[in-house]
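Scroll down for the structure; my scribbles are underneath it.
The values are calculated or read from the model by the stated rules, or taken from the named source; none is laboratory data. Since this is a predicted model, take the numbers as computed values, not measurements. Here the Cβ positions follow ideal geometry from the backbone for every residue, glycine too, while neighbour counts run over all protein chains shown. The protein model used for the area step is the full one, side chains on, heavy atoms only, and it has no ligands, DNA or RNA in it. Shrake-Rupley method; radii C 1.70, N 1.55, O 1.52, S 1.80 Å.
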Amino acid sequence: MAAPTSEVSHHQSILSVKAVAESCIQSVPSKYHFVNDINGSPSDSIPIIDFSLLTSTNLHHRSKALQELDKACVEWGFFVLVNHGIPENTMRSLLDGSVEFFELTNEEKQRYEPKGVLDPIMSGNGSMPNSESHTILAWRDFLKINLHPTFYCPEKPETLRDILWDYSVRVRNVFRRLVEAVAENLELEQGYMDDVLKLDSCFQRFVANYYPPCPQPDQVMGTPPHVDYGLFTLLIHNGLPGLQIQHNGEWFKPDHSPPNSLLVNIGQHLEIFSNGRYKAIKHRAVVNNHSPRISIIIVNGAAPDAIVGPAAPLVERDGRALYRPMEFMESVRAMLTNRY
Ligand code: OGA
Ligand code: NI
């Protein structure tokens, strides 16, 4: 049953957006208002990369896929990855397990109320403790969990632990193969990226976003425009539109990506490492007025203590470094602290 309105206002700071949405409101409280144009353009030109060709022993196939990957990274900073080998069942169970988390009682979820931007497990709504503007809230609830190099998992739902572990390993494998491909495209020696960025201990963070239906979708923002930290973010969702990516100053909707594909975007640390050859892409998520949308992203970065700066051979080639080197975890903290 929906919570009475008085209770909603009483617990506003800690209430999930899910509970706000369920409290029968016809119009969105003003603190969620966002100056908005939520429309985006459909695009059939968003690059599709075939992972099985990228890792193929057929050199001709592989080199063609490498070229396509390079083009996607330079022109879009975003691509749809197909034939990645992660079973559809795994993805579905992970989405189901995440929904179960969001359906836990507020009391259970509040155990993981955020205290800092990088707590190993944190659950909350669009307002972050570091938020610059506390007057705008995103229309979403989130669950964030560090998966690697140290694995964490909330106690409930119990089904989540095994599936999270399995997905983390599988995504890490896809991520490492993508890094190998990128290294080849950047003409770096084999193993160079793995060594410098200490990828055996790469930082991996899980983020599940729950966007409840909203009576006025054009008045709010699910996730405001931002770029991700890390090297590559891999995203899956429950099939509803919402994600938009910026390309040539316009918002595009990768809504017609093939089922079971992974949506991949370049993060700030790959931009830095590639000395600006690849750019972190800006993206956002809008919401709808009929069904909850769930997305799950895994951010894949360097090791927490790795120093990330432009790769030395690229600096030599380009004649100068466009970014300052910084310890990975320290720079992530700085990036998250300056965000919405
Ligand atoms: C994110 C993100 C987009 C989405 O969590 O960083 O960009 O579709 N999410 O939920
Ligand atoms: Ni993002």
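Can you pull out every residue in region 162-202 that is small (Gly, Ala, Ser), in contact with a Leu (Cβ under 7 Å, 6 or more places away or on another chain) and closer than 25 Å to Lys71 by Cα?
Ala181
Would you confirm, using the coordinates I've provided, whether Ser295 is open to solvent by less than 40 Å² (accessible area, probe 1.4 Å), at pLDDT 95 or above and within 16 Å of ligand 2 (Cβ to nearest atom)?
Criteria met by Ser295.
Pairs please, first residue from region 96-120 and within 22 Å of Glu330 (Cα to Cα), second anywhere and assigned to a helix (DSSP H, G or I) and open to solvent by less than 50 Å² (accessible area, probe 1.4 Å), Cβ atoms under 8 Å, 6+ apart in sequence or on different chains.
Pairs that qualify, where the first residue is within 22 Å of Glu330 (Cα to Cα) and the partner is assigned to a helix (DSSP H, G or I) and open to solvent by less than 50 Å² (accessible area, probe 1.4 Å), are Val117/Leu336; Leu118/Met329; Leu118/Val332; Leu118/Leu336.
Quick check, is Thr159 open to solvent by 50 Å² or more (accessible area, probe 1.4 Å) and modelled with pLDDT under 95?
Judged against the criteria, Thr159 is a match.
Given the conditions (1) farther than 20 Å from Asp200 by Cα; (2) more than 14 Å from ligand 1 (Cβ to nearest atom); (3) surrounded by 20 or more Cβ atoms within 10 Å (Cβ to Cβ), report the number of the one that Val286 does not fulfil.
Checking Val286 against (1) farther than 20 Å from Asp200 by Cα; (2) more than 14 Å from ligand 1 (Cβ to nearest atom); (3) surrounded by 20 or more Cβ atoms within 10 Å (Cβ to Cβ), the one that fails is (2).
Pairs only if they're at least six apart or on different chains, beta carbon under 6 angstrom, first in region 227-240 and on the phi > 0 side of the Ramachandran plot and modelled with pLDDT of 95 or more, second within 10 Å of ligand 2 (Cβ to nearest atom) and not in a loop (DSSP other than H, G, I, E, B); list them, first residue then second.
Gly230/Val299
Are any residues in region 228-237 near ligand 1 (Cβ under 9 Å from one of its atoms) and either open to solvent by 20 Å² or more (accessible area, probe 1.4 Å) or assigned to a strand (DSSP E or B) (or both), and if so, which ones?
Hits for region 228-237 are Thr233, Leu235, His237.
Filter region 298-328 down to the residues that are within 15 Å of Gln204 (Cα to Cα) and surrounded by 17 or more Cβ atoms within 10 Å (Cβ to Cβ) and list them by number.
Within region 298-328, Ile298, Val299, Asn300, Gly301, Ala302, Ala303, Pro304, Ala306, Phe328 qualify.
Report, ordered by the first and then the second residue, all pairs with beta carbons closer than 9 Å, sequence separation of six or more or different chains, a first member in region 210-224 that is in a strand (DSSP E or B), and a second member that is surrounded by fewer than 16 Cβ atoms within 10 Å (Cβ to Cβ).
Pairs found: Tyr210/Val99; Pro224/Arg339.
What number of residues within region 298-340 satisfy the criterion of being farther than 14 Å from Asn275 by Cβ and either over 24 Å from the mean Cα position of the chain (by Cα) or assigned to a loop (DSSP other than H, G, I, E, B) (or both)?
9
Table: residues versus (1) more than 10 Å from ligand 1 (Cβ to nearest atom); (2) more than 21 Å from Ala183 (Cα to Cα); (3) crowded, with 23+ Cβ neighbours inside 10 Å.
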{"site": "Tyr211", "(1), (2), (3)": "no, yes, yes"}
{"site": "Gln216", "(1), (2), (3)": "yes, yes, no"}
{"site": "Gly239", "(1), (2), (3)": "yes, yes, no"}
{"site": "Asn248", "(1), (2), (3)": "yes, yes, no"}
{"site": "Ser257", "(1), (2), (3)": "yes, yes, no"}
{"site": "Leu263", "(1), (2), (3)": "no, no, no"}
{"site": "His269", "(1), (2), (3)": "yes, no, yes"}
{"site": "Arg277", "(1), (2), (3)": "yes, no, no"}
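Results for (1) polar (S, T, N, Q); (2) at pLDDT below 95; (3) over 21 Å from Phe51 (Cβ atoms), shown as yes or no for each residue.
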| residue | (1), (2), (3) |
| --- | --- |
| Asn83 | yes, no, no |
| Asp96 | no, no, yes |
| Gly116 | no, yes, yes |
| Asn130 | yes, yes, yes |
| Thr135 | yes, yes, yes |
| Ile145 | no, no, yes |
| Pro154 | no, no, yes |
| Arg170 | no, no, no |
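Mind checking which residues of region 68-102 are of a type in the set (Val, Ile, Thr) and either open to solvent by less than 60 Å² (accessible area, probe 1.4 Å) or farther than 20 Å from Leu186 by Cα (or both)?
Val80, Val82, Ile86, Thr90, Val99 - these are the residues of region 68-102 that are of a type in the set (Val, Ile, Thr) and either open to solvent by less than 60 Å² (accessible area, probe 1.4 Å) or farther than 20 Å from Leu186 by Cα (or both).
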